[in-house]
Structure formats: C-alpha cells, structure tokens
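Step one of this worksheet: look at the structure below.
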Amino acid sequence: MDKIIAFAGSNSKSSINKQLSAYAASMLEGVEVDVLDLNDFELPLYSIDYETKNGIPDNAKQFLEQVKSSKGIVLSLAEHNGAYTAVFKNLMDWASRVGGKLWDNKPMLVMATSPGGRGGANVLEIAKGYFKYLGGNIVSSYSLPSFGSNFSNGKIINEELNDLLVENVKIFQKAL
C-alpha cells in the first residue's frame with residue numbers, strides 16, 4: 001500500500017494546521033497515512049558554520065527520508081507574520097542541504113488555516129511560488145478561513161468549505 005505523509009508547518013502541540021492536514025488525509029482512500037509531527041524532527045538553527053563543523057543533523061536526513069519514501073504529501077502551513085513559521089523554514093533549509101530537491105516532485109496538497117478570515121492566504125501564496133524550486137509538485141491547494149468557527153470535533157463544519165476540501169483531496173488523490 002502506498003504511503004502518504006501529512007503534517008503541519010508548525011511545532012505547536014495543538015496546531016490547527018496539523019488538525020487540518022490530518023482531517024484532509026483521512027479522506028484519502030487506499031493509502032497508508034503517516035501523520036508527522038515537526039517536534040520529532042527538532043533541529044538547530046541552520047547556519048553554514050554549524051553545517052561545516054558538525055555536518056547535517058540526522059533529523060534532517062530522517063525527515064527527507066519520510067518525503068522520499070512517500071507517494072505524496074499533505075501539508076498545512078501555519079502563518080507567522082505573513083510567512084512560514086521559523087521551525088518549518090529551518091526544516092526546509094536543513095533538508096534541502098541533504099540532497100537538493102526537498103519535495104522530490106511528489107504530488108502535494110498544500111493548505112493553510114488560521115484563526116482569521118484570510119486562512120493563511122499569504123503563506124499559501126508564498127509556498128505556491130517557492131516550492132517549485134525545491135521540487136514541489138503542488139497539484140491542489142486549499143485555505144480554511146476562521147478555523148475556530150469552521151472546524152470542530154475533528155472536521156470542517158461549514159458544508160461549503162468542506163465540499164471544497166473534498167474536491168481538492170480528490171484532485172490530489174488522482175495525482176497519486
């Protein structure tokens with residue numbers, strides 16, 4: 001059975017983006033889903049001096065192995081000050097040093113959510129423009145606004161927004 005990885009671009013233990021990525025991944029059929037937690041891939045702040053002295057940390061290599069051993073990626077990005085979280089950017093910096101194209105041209109469903117009405121739209125647009133340089137193959141994207149009003153008990157409660165996610169998950173599933 002093919003493996004999909006799902007995770008959030010956040011290290012918050014109560015990440016709303018992790019909840020969204022797990023929910024979206026639960027809609028997939030005929031695949032094994034591995035929900036990753038960025039806390040399991042803790043890394044020092046990237047610097048060339050650190051890399052020269054100590055090499056690339058094992059956690060960066062292990063994360064990249066998760067990407068390479070998967071058939072596809074479901075990722076929901078948290079937005080801090082209009083961009084990626086520091087932990088996610090740092091992970092990308094380290095993992096891209098291992099072997100080039102971090103996302104390995106795997107089909108990706110890239111999402112974002114936030115407590116506000118824009119639903120992480122800024123970080124989602126950044127990812128759509130930038131991931132292609134790291135081997136990203138974004139086949140579908142989705143933004144969930146006002147998480148607290150639209151998500152409850154592990155699912156999207158706004159029918160229109162849920163239907164839109166279902167459509168995006170189907171697009172992603174077909175690309176696998």
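Key figures
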quantity	calculated
Within segment 62-159, percent of DSSP bridges classed antiparallel, to nearest 5	20 percent
Filter on LYS3/LYS128; LYS89/LYS174; LYS53/LYS132; LYS132/LYS170; LYS61/LYS106 - keep pairs with C-alpha separation over 27 Å	LYS89/LYS174; LYS53/LYS132
Per-residue HN-Hα couplings for segment 124-138 [Karplus 6.51, -1.76, 1.60; θ = phi - 60°; Hz; x = Gly/Pro]	5, 5, 4, 4, 4, x, 9, 4, 4, 6, 10, x, x, 10, 6
Net length gained if the chain between ASP37 and ALA121 were fully extended (0.36 nm per residue, minus Cα distance)	28.0 nm
LEU77 long-range amide H proximity, modeled H, under 5 Å	GLY9, MET111, ALA112, THR113
Förster-model FRET efficiency, 30 Å R0, SER26 and ASN81, C-beta, rounded to 0.05	0.50
Potential lengthening between LYS155 and GLU167 on full extension [0.36 nm per residue; Cα-Cα distance subtracted]	2.8 nm
Amide H within-cut-off set for ALA6, under 5 Å, with H built and near neighbours excluded	ASP34, VAL35, LEU36, VAL74
Segment GLU51-LYS128, length gained on full extension (0.36 nm per residue, minus Cα span)	24.9 nm
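Where a number appears in this text, it was derived from the coordinates with a stated rule and is not lab data. The shown structure was predicted, so the numbers you read here are calculated from the model rather than taken from an experiment. Counting neighbours? That spans all protein chains shown, and the Cβs are built from the backbone with ideal geometry, glycine included.
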